[in-house]
Amino acid sequence: MVQAIRVHETGGPDVMRWEHVDVGEPGPGEARIRQTAIGLNFIDTYFRSGLYPAPAGLPFTPGNEGAGIVQTVGEGVTFLKPGDRVAYVGPLGAYSQERIVPADRLVLIPDGIDDKTAAGMMLKGMTAQYLLRQTFNVGPETTLLFHAAAGGVGLIAGQWASHLGATVIGTAGSDEKIALAKAHGYQHMINYRTENFVDRVKEITDGKGCDVVYDSVGNDTYPGSLDCLKPRGLWASFGQSSGPIMDFNLGLLAQKGSLFATRPTLFNYIATREALEATAGDLFDVVSKGIVKIEINQEYRLADAVQAHQDLEGRKTTGTTVFLP
């Protein structure tokens with residue numbers, strides 16, 4: 001028996017319970033791993049609150065990413081062996097000391113990247129990868145706006161986009177977070193609590209607007225994000241930390257300049273083994289070369305997941321947060 005966080009009813013952070021669970025042995029195509037670090041992400045709160053239903057229903061173990069050591073492998077698994085260091089994103093169930101994972105979702109951690117870094121960067125880092133390299137191909141001619149620039153995805157995206165030569169604009173809600181984002185690649189920062197971000201984007205871009213807006217905030221930044229775009233620009237809405245957008249008016253895209261809109265999710269971009277390896281490989285490459293630095297700004301014991309969720313939703317965290325089992 002090992003211990004894990006379990007959710008028996010959806011709701012606030014206090015619905016999470018630290019309980020004993022029986023992990024069992026891996027079946028065909030699976031591996032059992034002993035986790036050394038687990039990533040905390042805002043999407044974890046969506047499953048806990050019930051905004052996103054857990055695929056297997058209640059009760060469930062939250063968490064989407066982690067890293068650890070392979071303990072045993074099931075029948076047919078030939079590319080992994082006990083002792084391998086691995087990391088993953090999905091399926092749900094990361095908040096556990098040990099767990100079973102489909103082997104084809106595991107990637108080997110390169111030498112030079114430690115387990116905490118790997119655990120804390122897989123979801124956020126591969127999200128930054130698909131946003132900047134696949135959803136929109138960012139380059140030297142790109143002007144972009146990234147909301148929540150001091151968040152986990154934002155700090156990675158700022159460094160990466162700056163390396164790609166883009167003009168990188170971000171928003172954040174405090175002087176401390178603005179300074180943090182500026183230290184991670186953002187040339188222009190906007191305090192959305194004291195400034196109108198639409199007006200400031202127009203000022204920064206001499207009225208031209210941005211090629212792409214990356215928006216994980218949702219309700220609070222809609223429809224303002226659309227007003228920050230050039231004609232035929234792209235709005236990539238990849239999260240909803242302030243609440244979902246309930247009534248999306250498709251006609252606004254025409255009115256505001258024949259805009260494009262997408263609601264991407266990482267799991268569609270890494271659905272195949274080939275896509276997973278390519279996306280993770282690109283991330284490992286920029287981290288190994290020092291182009292993107294992953295800074296673990298908060299660590300919690302896994303047993304303290306309630307406090308971690310309270311801090312995350314209270315906007316008290318920055319960058320990457322990990323649990324230690």
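Here, each number is a calculation from the coordinates, and none is a lab measurement. Please read all numbers here as calculations on a predicted model, not as lab measurements. Heads up, the Cβs are rebuilt from the backbone with ideal geometry, glycines too, and the neighbour counts pull from every protein chain shown.
Per residue of segment 125-135, what does 6.51 cos²θ - 1.76 cosθ + 1.60 with θ = phi - 60° give for ³J(HN,Hα)? Whole Hz please, x for Gly and Pro, Karplus curve as stated.
So the Karplus estimates, Gly and Pro as x, are x, 6, 5, 4, 4, 5, 5, 8, 10, 10, 4 Hz.
Among the listed pairs LYS289/LYS316; LYS256/LYS316; LYS208/LYS256; LYS124/LYS256; LYS124/LYS230, give every one whose C-alpha distance is greater than 24 Å. Please report the intermediate quantities before stating the final value.
On the way: LYS289/LYS316 30 Å; LYS256/LYS316 35 Å; LYS208/LYS256 13 Å; LYS124/LYS256 30 Å; LYS124/LYS230 27 Å.
From LYS289/LYS316; LYS256/LYS316; LYS208/LYS256; LYS124/LYS256; LYS124/LYS230, over 24 Å: LYS289/LYS316; LYS256/LYS316; LYS124/LYS256; LYS124/LYS230.
Compute the helix-to-body angle for 152-163: its Cα long axis versus the longest principal axis of the chain, expressed 0 to 90° and rounded to tens.
Around 60 degrees separate the two axes.
Quickly rank 208-216, 289-297, 168-176 as a protection proxy: mean count of other C-beta atoms within 10 Å, highest first. Can you show the working numbers first?
Working: 208-216: 24.3, 289-297: 15.4, 168-176: 21.3.
Result, highest mean Cβ count within 10 Å first: 208-216, 168-176, 289-297.
Would you mind checking which residues have amide H under 5 Å from GLY170's amide H? H placed 1.01 Å from N; only 5 or more apart, or other chain.
PHE146, HIS188, MET189, ILE190
Name the residues whose placed amide hydrogens come within less than 5 Å of the amide hydrogen of VAL21, ignoring near sequence neighbours (fewer than 5 apart) on the same chain.
VAL2, GLN3, ALA4
Each residue of segment 171-177 in order: what ³J(HN,Hα) in whole Hz does its phi give by Karplus 6.51 cos²θ - 1.76 cosθ + 1.60, θ = phi - 60°, with x for Gly and Pro?
The phi angles translate into 10, 7, x, 7, 4, 5, 5 Hz.
Take the chain, connect every pair of alpha-carbon atoms lying under 10 Å apart with a spring to form a Gaussian network, then pick out the residue of PRO13, PRO244, PRO102 with the largest mean-square fluctuation.
PRO244
Are there trypsin sites (Lys or Arg not before Pro) in segment 294-325 that DSSP puts in a loop and that have at most 11 other Cβ atoms within 10 Å, and which ones?
Details: sites: ARG301, ARG315, LYS316; in loops: ARG315, LYS316.
Answer by residue number: LYS316.
Among THR36, THR279, THR205, determine the one that fluctuates most according to a GNM of the chain built with springs between C-alpha atoms less than 10 Å apart.
Per the Cα network of the chain with a 10 Å cutoff, THR205 tops the list.
Explain nothing, just the number: dipole magnitude of the chain about its Cα centre with +1 on each Lys and Arg Cβ and -1 on each Asp and Glu Cβ, in debye rounded to the nearest 20. Let's see the in-between values first.
Details: 28 positive and 36 negative charges, 81 e Å.
Roughly 380 debye for the chain.
Across segment 186-197, in residue order, what do the Karplus-derived ³J(HN,Hα) couplings come to in whole Hz, using 6.51 cos²θ - 1.76 cosθ + 1.60 with θ = phi - 60° and x for Gly and Pro?
For segment 186-197, the Karplus curve yields 7, 7, 10, 10, 10, 8, 6, 7, 10, 10, 7, 5 Hz.
Return the long-range amide H neighbours of LEU229 (sequence gap of 5 or more, or a different chain), with a cut-off of under 5 Å between placed amide H atoms.
Amide H neighbours of LEU229, under 5 Å, 5+ apart: CYS210.
Between ALA37, ILE5, VAL201, whose Cα lies farthest towards the positive end of the dipole of the chain when Lys and Arg beta carbons carry +1 and Asp and Glu beta carbons carry -1, centred on the Cα centre?
VAL201
Which distance in nm do the two modelled labels at ASN137 and ARG34 give, with both placed 7 Å along the Cα-to-Cβ direction?
Taking the two extended label points, one gets 4.6 nm.
Please state the charge dipole magnitude for segment 140-263, taken about the Cα centre, from unit charges on C-beta atoms (+1 on K and R, -1 on D and E), reported in debye and rounded to the nearest 20. If you can, show how the numbers build up before the last one.
Working: 10 positive and 12 negative charges, 38 e Å.
Charge dipole, segment 140-263, about its Cα centre: 180 debye, nearest 20.
What net charge is computed for the residues neighbouring LYS202, neighbours being all others with C-beta under 10 Å from the C-beta of LYS202, Lys and Arg scored +1, Asp and Glu -1?
On the way: positive: ARG200, LYS208; negative: ASP199, GLU203, ASP206, ASP227.
Combined, the nearby Lys, Arg, Asp and Glu give -2.
On a 0 to 90 degree scale, rounded to 10, what angle separates helix 273-288 from the longest Cα axis of the chain?
With rounding to tens, the tilt is 70 degrees.
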